[in-house]
Each structure stands twice: as C-alpha cells, then as structure tokens.
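Everything below concerns the one structure shown next.
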Amino acid sequence: MPKEQHQKEIWMLLEVLPDPLKEKLKNYHDISGLIEIILDIGKLPQARFSNNDSLYVSDQIIEQKDLDFVTEKIGQFTTDNRAGIERTLHRISAIRNRVGKIVGLTCRIGRAIYGTNDIIRDIIESYKNILFLGPPGIGKTTKLREAARILSDQFDKRVVVVDTSNEIAGDGDIPHLGIGKARRMQVATPDMQHKVMIEAVENHMPEVIIVDEIGTEDEALACRTIAERGVQLIATAHGKILENLISNPTLTDLIGGIQTVILGDEEAKRRRTQKAILERKAPPTFDILIEIRERDTFAIYHDVAKAVDDILRKRFPKPELRIRDKDGKITINKPKMEIPDISSDEAEKILNSKEDQLLRIYPFGVNRQDLERSINALDVPCLAVKSLDDADLVLTVKTKARPGTKIMQAAEEHSLPVHVIKKNVSSQIMKFLKYYFHIGGKEEEEEVAIREAEEAIETVQKTGKKVNLNPQNSYIRRLQHQLVEESGLHSESFGYEPDRRLRIYPS
C-alpha cells in the first residue's frame, strides 16, 4: 500500500477518537508505525508502535463518556465484539462487563502490505492447499490478503474471501483494495463461518477460497469438503507449530486426523513398538503447512502427510526455513538428507523398517503366483501375504465378494478394505495394481471410474437400491458426483482416505 494511502487510513481511525487523543497522536513523529490504541475505563490511554515504543496519549484517565464517543462514531459491534471503519482494515474490539456494558476498547491498525508474500510466492502459486500457523499479530491475515490479490489480479483466478470479522477485506459492503479483484463474502456471526464456506463453493464457482482462523470441527469438516471438490484452499489456524494441530482434537482433521491402532503381538514385535500406537487416519486437507515463527521467518512443510507420520513415529521432521533479513535478502535453508555411517546390523534394521512402506495384499480366490509375478513386473512396493493379520487389504474376485460371505465378514472383523476384480486372471490383477499405484496415466483411471459410475447409475435406476462405488481420489469422486447429478440421482462420499468412495441413492 502506498505510504500516503496508509497515512490517510490511519487518520480515518484517529477521527473517531476524542479530540485530545486525536491531536496528540497526529503530532507524533512516527504515526505510520502505529499498531494499536488501548482505551480502558479508569486507565490512561496507551498507543503501541511497531518499533516496540509505547506512549501514554494523555495524562487524563479514560471515562465512560470517552468510550461512548468512540462507539457512537464506529457504529454497531457484531456478536464477536468487533467493529470496523468502512473502507479500511482497522479493527475495534470491545471488552464488556458482566451486564454487557463496554468498559474497554482495543483499536488495532489494519494495513495492506504489498510484497510480503514474495518469500513464499512459489507456494502461493502452486495451486496446493496451504495452511498458515502462527501466534496472534504475526501477520497471518496479511498473508491471506496478499494471496487473494496475487491470485485474483495476476493469475486471473476466481477468488472468494470468506471474511468472518471483516478483517481480511475491511468493514463495509465494498471490500478493501488490498484483496484485488477477489470477491468477499461476509459472515453474520462466527458460528456461521462453516456454512458460508460451503455456500461459497456451491453458489459462486470459486477456484480459490481464502478463510481466516479455522477453529471448530465444523470448519475443519468444511475445509475437507472444499478440498475434495477441487478448490484451492488457503487458510489460517490456531497454533504455533505443527505438533499443536496433532494434539488438538478439534483441528486434527486438518492434518488427516489421528487414531489409535492396536497391533498384533507379532506386528508390534516386528515394528519394535507398543501394541497401541497412533496413526494418521486420512490424507491431510492441506498439502503444505507454513509456520510463521517471526514476521520474516517461515518454516515450511511441503509434505504434511509425511511430516505428521514422522512425528507420530517419533522421527521429528525438519522443515524448510526461509528467512528475509533487514536488507530484504531472502535465504532458503532446505533440510539435508542425512547419510549415516552404519554397521551391517543397523542396515538390516533400516531394511526391516522399510517394509512398513510396503502394501501387503491378502489374495482370496486370486492366484498368488500370478499376483507375485505382476508385482515383480510392475516393480511396485507390494507384497502378497498369507494371513489376514499381516494384510493391509484383501484382493478377491467378484463371485467371492458377496455380502455375508466368509471373506467379507473376516475383512470387516480385521477392519481391512476389500478390492474386487472381475476374474482371477493376470490381466485383471495387473489392471488392479496399475490402478492402485497410479500407473498408466490419469486418463485411464478416469475412464474406468466414469464407466463404473455409469454402470452403477443404471443399476440404481433399474433396482431402486443404493450402490457403493470403488474408492477414488477427490478429483475422480467429483467427476462421479457430477455424473450422478446429471442423471437425476443423489450421491454422497463416505469413508476415510484412501478408501473414501461414492454411494449412489435412488432419486
């Protein structure tokens, strides 16, 4: 923002103050560095500045008439005790007594600072879902505002800002220029934020949604719904570091959710862990997480799923650090791959631990030798096992997968997903492995998934009974949802990743 415009907006805030305070601040030598003004009844008025300086604006204590003077000029407070000044980013927050009377005000300066996202611009432009973490006042909202402007103005994206407290785009019906061409949806009360987030997707066809302060389970669920529909999501959440989200049951779904898994005796022994361990339930809603440790220091986790898994296994990940110094120079410190000097015993342990990354398939009604040959031919990280206790999933044929059969009951008891192929032939086994490990291109996957949805729609229309589809990623599920809607039927997604799938209902 140009300095003249910023100064003009500061004076707009000063105009709502009592005359003695206004005149004292206008004459201050560094008024452009003003951060906030604190007015508490019975105390001296105080102003804080960006250089850590603070100033008592008057030697007269604040009286009720002073607070009344300010509140009459700024208008109505919302249910979260916040108000603003139209066409500015300033925020006035009220402190009330037990009967609801205002006894204190915090007048915080809002400013649109351009160029702050140059240090993370490549991430903003990646079209991935991004979550910012950091303490209050560190600049999270500024990053959202700048992201909205860059994506809407320079990349011509359809950006919608869900603005709960009018802090991103300012007070009034006309949004601040700081968000560029992005559109802004206001929220009546904070507890309605999740509904407005979903409304934004369903009604306004955005390519990007930007939202501040994700803080409830409903909002976390709304984030997952938005991400599944292929819309880029950029948001902030409460917390300073990634571990805060892992230990926060309200927001843990943002990074995939955490569940307790009970291992068998042999598996616990092989992993060298206790029988009860913590694991991630599903893919994270956000692909990238950025900790704002200081105003110009960012810790970036480019793969949130891997970072969470490492933390749960007591292998704390090292994020990429980006720092801007006082001269504006940006330094990027990427974590180095450590190659330890290990003994043969340690090497064997590492090889054993890599088995944890294998997909273990229990074939039922499927030729084990054909499965092993297909695994070797495709060179995929996979293993055919002989026991359900050792399996990650069951692979069987259509004739064996009817409801109530022994294998379906056993899979349910072991909480294992079941993948079905039409016939026990090598081509079908190979096709399954290609699909599961994404070999052969997205076009082939989409074609198979669309064909499956079309067949299921026909079945539902004929029988009037619901049909479940095979698990798919969020993009393909969205295509299937659209196909179902066009046919006049209803569908919904259920289950956890990677086994989340569509269920189609009769109209």
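The values are calculated or read from the model by the stated rules, or taken from the named source; none is laboratory data. This one's a predicted model, so the numbers in the text were calculated from it and none came from an experiment. Quick reminder, even Gly has a Cβ in these numbers, built from the backbone with ideal geometry, and neighbours come from all protein chains shown.
Of all residues in the range 236-269, which are closer than 23 Å to Ile138 by Cα and among the charged types (D, E, K, R)?
Those that are closer than 23 Å to Ile138 by Cα and among the charged types (D, E, K, R): Lys240, Glu243.
What tally of residues in the range 455-482 results from selecting those that are under 25 Å from Pro283 (Cα atoms) and surrounded by 14 or more Cβ atoms within 10 Å (Cβ to Cβ)?
14
Quick one: Arg98 ticks every box in (1) more than 30 Å from Lys22 (Cβ to Cβ); (2) outside the structural domain of Leu25 (by TED's automatic domain parsing) except a single one, so which number is it?
It is condition (2) that Arg98 fails.
Quickly run through the range 52-67 and pick out the residues that are small (Gly, Ala, Ser) and assigned to a loop (DSSP other than H, G, I, E, B).
Once the filter is applied, which keeps residues that are small (Gly, Ala, Ser) and assigned to a loop (DSSP other than H, G, I, E, B), the range 52-67 yields only Ser58.
Matching residues to (1) of a type in the set (A, V, I, L, M); (2) free of Cβ contacts under 8 Å to residues at least 60 places away in the same chain; (3) touching a Pro at 6+ places or on another chain (Cβ under 9 Å):
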| site | (1), (2), (3) |
| --- | --- |
| Lys398 | no, yes, no |
| Ile421 | yes, yes, no |
| Arg478 | no, no, no |
| Glu486 | no, yes, no |
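Table: residues versus (1) touching a residue at least 40 places away in the same chain (Cβ under 8 Å); (2) outside any helix (DSSP H, G or I).
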position	(1), (2)
Gln369	no, no
Glu372	no, no
Asn376	no, no
Leu383	no, yes
Arg402	no, yes
Ser415	no, yes
Ile429	yes, no
Phe432	no, no
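Among (1) at pLDDT 85 or above; (2) more than 29 Å from Glu492 (Cβ to Cβ), where does Asp379 come up short?
Result: Asp379 passes all but (1).
Can you tell me which residue in the range 207-219 is modelled with the lowest pLDDT, limited to those that are assigned to a helix (DSSP H, G or I) and under 16 Å from Leu245 (Cβ atoms)?
Glu217
Would you be able to say whether some residue in the range 130-146 is at pLDDT 90 or above, under 26 Å from Trp11 (Cβ atoms), outside the structural domain of Gly84 (by TED's automatic domain parsing) and of a type in the set (A, V, I, L, M)?
Yes, that holds for at least one residue.
Looking at this structure, is Ile450 among the aliphatic types (A, V, I, L, M), part of a helix (DSSP H, G or I) and either modelled with pLDDT of 85 or more or closer than 30 Å to Lys128 by Cα (or both)?
So Ile450 passes the test.
Please tell me if Asp122 is acidic (Asp, Glu) and over 15 Å from the mean Cα position of the chain (by Cα).
Yes.
Let me confirm something: among Ala83, Ala47, which residue is under 21 Å from Asp163 (Cβ atoms), among the aliphatic types (A, V, I, L, M) and either at pLDDT below 90 or crowded, with 16+ Cβ neighbours inside 10 Å (or both)?
On inspection, the qualifying residue turns out to be Ala83.
Which condition from (1) part of a helix (DSSP H, G or I); (2) in contact (Cβ under 8 Å) with a residue 12 or more places away in the chain is the one that Val394 breaks?
Of everything listed in (1) part of a helix (DSSP H, G or I); (2) in contact (Cβ under 8 Å) with a residue 12 or more places away in the chain, Val394 misses just condition (1).
State whether the residues of the range 493-500 include one that is assigned to a strand (DSSP E or B) and not assigned by TED's automatic domain parsing to the domain that holds Ala227.
Taking every residue of the range 493-500 in turn, at least one turns out to be assigned to a strand (DSSP E or B) and not assigned by TED's automatic domain parsing to the domain that holds Ala227.
If you check Phe298, Phe316, which single one turns out to be among the hydrophobic types (A, V, I, L, M, F, W, C), on the phi < 0 side of the Ramachandran plot and modelled with pLDDT under 90?
Exactly one residue qualifies, and that residue is Phe316.
Condition test on Leu233, is it under 22 Å from Lys318 (Cα atoms), assigned by TED's automatic domain parsing to the domain that holds Asp122 and either free of Cβ contacts under 8 Å to residues at least 40 places away in the same chain or touching a Ser or Thr at 6+ places or on another chain (Cβ under 9 Å) (or both)?
Judged against the criteria, Leu233 is not a match.
Tally time: how many residues in the range 102-148 are of a type in the set (Lys, Arg) and either more than 22 Å from Asp80 (Cα to Cα) or part of a strand (DSSP E or B) (or both)?
Final tally of qualifying residues: 4.
Would you point out which residue out of Ala282, Ala222, Ala227 is out of contact with any strand residue (DSSP E or B) (no Cβ under 8 Å at 6 or more places or on another chain) and in a helix (DSSP H, G or I)?
Ala222
Looking at (1) under 19 Å from the mean Cα position of the chain (by Cα); (2) closer than 30 Å to Val70 by Cβ; (3) not basic (Lys, Arg), which is the only condition Leu131 fails?
Single failed check for Leu131: (2).
Looking at the range 18-43, which of its residues are loosely packed, with under 15 Cβ neighbours inside 10 Å and over 37 Å from the mean Cα position of the chain (by Cα)?
Asp19, Pro20, Glu23, Lys26, Asn27, His29, Asp30, Gly42, Lys43
Taking Glu446, is it acidic (Asp, Glu) and in the same structural domain as Arg477 (by TED's automatic domain parsing)?
Taking the combined requirement at face value, the residue satisfies it.
When you look at Gly139, is it within 20 Å of Gln193 (Cβ to Cβ), of a type in the set (Gly, Ala, Ser) and surrounded by 15 or more Cβ atoms within 10 Å (Cβ to Cβ), yes or no?
Here the answer is no, as Gly139 does not meet what is asked.
Of everything in the range 151-178, what is farther than 19 Å from Asn81 by Cα, in contact with a strand residue (DSSP E or B) (Cβ under 6 Å, 6 or more places away or on another chain) and buried (at least 21 other Cβ atoms within 10 Å of the Cβ)? Give them in sequence order.
Once the filter is applied, which keeps residues that are farther than 19 Å from Asn81 by Cα, in contact with a strand residue (DSSP E or B) (Cβ under 6 Å, 6 or more places away or on another chain) and buried (at least 21 other Cβ atoms within 10 Å of the Cβ), the range 151-178 yields Leu151, Ser152, Val159, Val160, Val161, Pro175.
Please go through the range 236-258 and pick out each residue that is among the charged types (D, E, K, R) and without any contact (Cβ under 8 Å) to a residue 60 or more places away in the chain.
Asp253
Being surrounded by 10 or more Cβ atoms within 10 Å (Cβ to Cβ) and either at pLDDT below 75 or at positive phi (or both) is true for just one of Ile277, Ile342. Which residue is that?
Going through Ile277, Ile342 in turn, just one is surrounded by 10 or more Cβ atoms within 10 Å (Cβ to Cβ) and either at pLDDT below 75 or at positive phi (or both): Ile342.
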